[in-house]
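Just so you know, all these numbers are worked out from the coordinates, no wet-lab data involved. Since we're looking at a predicted model, the values are computed, not measured. Ideal geometry is used to build each Cβ from the backbone, glycine not excepted, and the neighbour counts take in all protein chains shown.
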Amino acid sequence: MKTYKGIRVSPFKVQVTADGQPLDPKPSQQIWNHSPDGFNWGYGGSGPSQLALAILLDYFNDPILARKYYQDFKWEIVSKLPDTWEITSAQIEHAIYHVALSPPHLTTSTEIKK
């Protein structure tokens, strides 16, 4: 089981590991460069998008799956993380399973064409 950990060292510095090794943002930035400054979490911005993409890219080892689910994963998990956190592969699987089986977002009545 893979484990991802993060710690906020200071207001502008974070450390993220995958099984004890630093998680490099560069592979995820080659897919979509949301944040040239790297990772962040606890809100819904560019740093959390980069982290969500990096975790799923590392976990799936598949850029297509990572791109498909990373925004939902950001909102479900990454945006809610505290300053120090740990996520296991089982938790990632659960989150992705939940997202994949959720019904699509409903459109508002003004978006429905008759």
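If a/c stays under 1.5 just call it rounded; otherwise compare a/b with b/c (prolate if a/b is bigger, oblate if not). Do that for the range 46-105, with a ≥ b ≥ c from the square roots of the Cα gyration tensor eigenvalues.
Because its axes are fairly even, with a/c under 1.5, the range 46-105 counts as rounded.
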Fewest to most neighbouring Cβ within 10 Å: what's the order for Leu51, Leu56? Leu56, Leu51
Using 7 Å Cα-to-Cβ label points, what is the Met1/Asn33 separation (nm, one decimal)? 3.7
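Quick check: convex hull over the Cα atoms of the range 3-92, volume per residue in Å³, rounded to an integer?
Values: hull volume 7.3 nm³, N = 90.
Per residue, the Cα convex hull of the range 3-92 comes to 81 Å³.
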Kindly provide the helix-only [θ] at 222 nm of the chain, computed as the sum of -39,500 (n - 2.57) over DSSP H runs of four or more divided by all residues, to the nearest 500 deg cm²/dmol? -13000 deg cm²/dmol
The size of the Cβ-based charge dipole (Lys, Arg +1; Asp, Glu -1) of the chain about the Cα centre, to the nearest 20 debye, is 300
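Roughly speaking, what is the stretch gain from Ser102 to Thr88, that is 0.36 nm per residue apart minus the C-alpha to C-alpha distance, in nm to one decimal? Provide the component values of the computation, followed by the final result.
Working: separation 14, 0.36 × 14 = 5.04 nm, distance 2.13 nm.
Full extension from Ser102 to Thr88 adds 2.9 nm.
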